[in-house]
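**Student:** Can you keep this structure in mind? I'll have questions shortly.
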Amino acid sequence: MPTQPISRRHFLAVTSLAAAAGVLGTRSRGEKAPEPSGGFEMILLPYDYGALEPYIDAQTMQLHYDKHYAAYTKNLNEALKDYPDLRGLKIEELLSRVETLPEAVRRAVRNNGGGYYNHGLFWQMMKPQGGSPQGALAGAIKTAFGGLEEMKKAFSAKAAAVFGSGWAWLVVRDGRLEITSTPNQDSPIMKGIAEVEGKPVLALDVWEHAYYLKYKNERAKYIASWWNVVDWDTVKKLYEEALG
Ligand SMILES: [Fe+2]
C-alpha cells in the first residue's frame, strides 16, 4: 500500500473538521477550513504514515491515526458539547479529575479523553531511528532498573502482560522512574483510577488495533520491534519536564 504523507495543510483541514464538525474527512486543496470551535484538536502526526516502516506499517499508522485517534477526539468533543467549562480545560487537567466529573460524562471522558491524550503522547514518542537515552534520563534509568536493557525487559514484560487492551508506561512518580500499565484507555494521570499515578515519559499502545495487521496475535514481536522507533529525545524532554 503506498504511503501517503500528511501535509500540514491536510492535517489542519482534518483536525478542523474533526473538532468543528465532529466528522473526519478529507478536503480538496485550497478549500478553506472552518473556524476552530474551541474543542480538542488532533495533534499533527510528526512523520508520514510509512516513516516507521518496517517496524510499524503504513496501513496500521493510517488507520490508527485517521480512524481510531480521530474517533476518540470526535467522541470526546461530542461528550463535552454541553460542558463549555470542561471543554476549555487542558486535557491533562480534565483527566486528572475525571473521577469528579458529572456522572453523565465521566465514562465518556475516561474512555475518549484517555484515548485522545494517550495517543497524542504515543505519536510523539516515535520517530525513525529513535536513538538512545541521553543525559539525566540515562542515569535515572540506570538508577531505577540497573540499565537500559533491564528497563526494556521489564517494560516489555509489563506490556505483554496487559490482558486485553491497554497501555504500558514509564512514569515519573516522586522523582523516580517506574513501570506500570493501564487497562483500556486509562492513563497514569487519572487520579483515583490509575494503579500507579505519575507523569508519563514513555507510552506503548498494546491494543490490537496498534499491531494486528502486521503482527497478528504476536504482541511480543510488535513490542520488540517498537523499541527501534522510540524517540528518546522526546522521552528525555518529558522526563525533564516531569522533574520540573
Ligand atoms: Fe491505539
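**Student:** So for 119, 209, 68, fewest C-beta neighbours within 10 Å to most, what's the order?
**Tutor:** 209, 68, 119
**Student:** While we're looking at this one, here's another question. Report the gain in length on full extension from residue 149 to residue 108: 0.36 nm times residue separation, minus Cα-Cα distance, nm rounded to one decimal.
**Tutor:** Contour length minus the Cα-Cα distance gives 11.0 nm.
**Student:** Modelled label-to-label distance, residue 78 and residue 197, 7 Å Cα→beta-carbon offset: nm?
**Tutor:** Calculated label separation equals 3.1 nm.
**Student:** When the dipole is taken about the Cα centre of region 135-243, and only Lys, Arg (+1) and Asp, Glu (-1) are charged at their Cβ, what size is it in debye, to the nearest 20? Let's see the in-between values first.
**Tutor:** On the way: 14 positive and 14 negative charges, 47 e Å.
Rounded to the nearest 20 debye, it is 220 debye.
**Student:** Cross-link partners among lysines for residue 221, C-alpha distance below 20 Å, same-chain residues fewer than 8 apart left out?
**Tutor:** 127, 152, 153, 158
**Student:** I would also like to ask the following. State the extension gain, in nm to one decimal, for the chain segment bounded by residue 216 and residue 184, taking 0.36 nm per residue of separation less the distance between their alpha-carbons. Please list the in-between numbers first.
**Tutor:** Details: separation 32, 0.36 × 32 = 11.52 nm, distance 1.91 nm.
9.6 nm is the gain from fully extending residue 216 to residue 184.
**Student:** What is the extension gain from residue 67 to residue 176, computed as 0.36 nm multiplied by their sequence separation minus the C-alpha to C-alpha distance, in nm to one decimal?
**Tutor:** 35.7 nm
Every number in this text was worked out from the coordinates using simple rules, so none of it is lab data. These numbers come from a predicted model, not from an experiment. Here the Cβ is made from the backbone with ideal geometry for all residues, glycine too, and neighbour counts use every protein chain on show.
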